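The values are calculated or read from the model by the stated rules, or taken from the named source; none is laboratory data. This is a predicted model, so every value here is computed, not measured. Every residue, glycine among them, receives a Cβ derived from its backbone with ideal geometry; neighbour counts consider all protein chains shown.
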Ligand code: ADP
Ligand code: MG
């Protein structure tokens, strides 16, 4: 890339001006007098600093304010990199040989924002900047961004739902972080439904209901993660219902997440259900191969590591479930490479990740075969599994068949849903979770499912 094409020195100058007006003279001189503009690349300004100590301090204290100012000035996500103009820091292990300067990790502890804001309950690792938007998430991500920019006005309430590890917590926290950092005096509360429940119980125990109400009804943005936890918690549901109404009436933003569509939460009062369904409901589905690659590359950038494209592709072909597993695979390889100080080759990756890689899917097994064998086993017909009936006698075998289909074939949850009477992909996800948890809860179930799988494999591969 032709570096000389990019020149952001003017933005840097203006950033300094703004910082000067925000900081005391002494503070400004102490930290910024020794920094000079070095060069720009397409998305970065590289600053020259006298030492690694200096760089780390400035990063810790000011990076986020600096980047905020820069983003506002330039309208784009220009990042900051540092180069040290004396000898390089020995402390920094050169994990990646491709970089001479230390890449700034956007979402690592950036203590200082313009107003020195750091939300106590929000993770610094979750922001819009490091959320990779793919086909699977673009609607949800855009809605969340709109909410963060316009809380209480864009989509209120909003419910994000989808299976585990797909980015619900990342997105809901990004909303909080963005709004919190970009507005003054905004009260953002983020809790999991479990924390909400526990706090409520404590409040009752200690006769502190008033404080509890004060906390939750006087916010500008209320973010509650994992509301499926509220199943069967009647008193908490009741409290949340009133909280909801109070906030809704005063146009305060609410965002919730859930691991399934609200309609599938059991033991939820109708009136609370209808509140959740009001407003916008968006889903997250598993990322495509291309999106998985983009996500892994982003994670590598954050961790400042270099891994060959071949290995990345290997991981993305084999880890197809969710983003959390992708990250786990990467972390494992990095740890291995660090320990042995070795480059990660495809064969190292294969042997290190063999437990994570699902069995290679058996391509000649069809859904028809699965439906036939499973229905046979339960004394039903394949049409029962494809039909609309939801009686217990059919529902569980259907879930088992869906589960096995996901285990043995490459079909996506959407495709599986279609083959089972045009059901939604979330129903399939839910079915798989159900079967999983039933197998864990009841040891007698697993063997016959294993048997069924074995039988199907034998039939399918003949
Ligand atoms: P959920 O709450 O849906 O179970 P999380 O939000 O905890 O999932 O996501 C699991 C992990 O995957 C987190 O570390 C998160 O940062 C990461 N992740 C998920 N989706 C994305 C994405 N689109 N881009 C980058 N990271 C993602
Ligand atoms: Mg979560």
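Of the residues making up segment 157-186, those that are more than 15 Å from ligand 2 (Cβ to nearest atom) and in a loop (DSSP other than H, G, I, E, B) number 5. Looking only at residues that are within 18 Å of the chain's Cα centre (by Cα) and at positive phi in segment 153-186, which one is farthest from ligand 1 (Cβ to nearest atom)? Checking each candidate, the answer is 162.
Residue-wise test of (1) surrounded by 14 or more Cβ atoms within 10 Å (Cβ to Cβ); (2) within 16 Å of ligand 1 (Cβ to nearest atom); (3) at pLDDT below 95; (4) within 22 Å of residue 269 (Cα to Cα).
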site: 188; (1), (2), (3), (4): yes, no, no, no
site: 209; (1), (2), (3), (4): no, no, yes, yes
site: 223; (1), (2), (3), (4): yes, yes, no, yes
site: 232; (1), (2), (3), (4): no, no, yes, yes
site: 240; (1), (2), (3), (4): yes, no, no, yes
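Only one of the numbered conditions (1) more than 19 Å from residue 178 (Cα to Cα); (2) in a helix (DSSP H, G or I) is violated by residue 82, and that is (2). If you go through segment 321-353 and pick out every residue that is in contact (Cβ under 8 Å) with a residue 60 or more places away in the chain and part of a loop (DSSP other than H, G, I, E, B), you end up with 2.
Can you find, within segment 32-55, the residue that is nearest to residue 302 (Cα to Cα) among those that are out of contact with any strand residue (DSSP E or B) (no Cβ under 9 Å at 6 or more places or on another chain) and part of a helix (DSSP H, G or I)? Ranking the candidates gives 53 first.
Listed by first and then second residue, the pairs with beta-carbon distance under 7 Å, at least 6 apart or on different chains, first residue in segment 124-152 and at positive phi, second part of a loop (DSSP other than H, G, I, E, B) and surrounded by fewer than 17 Cβ atoms within 10 Å (Cβ to Cβ), are 152/251. For the residues 308, 363, 274, the requirement of being away from ligand 1 (no atom under 16 Å from the Cβ), more than 26 Å from residue 134 (Cα to Cα) and at pLDDT 90 or above singles out 274.
Among the residues of segment 395-424, those that are in a helix (DSSP H, G or I) and either surrounded by fewer than 18 Cβ atoms within 10 Å (Cβ to Cβ) or touching a strand residue (DSSP E or B) at 6+ places or on another chain (Cβ under 7 Å) (or both) comprise 395, 396, 414, 415, 418.
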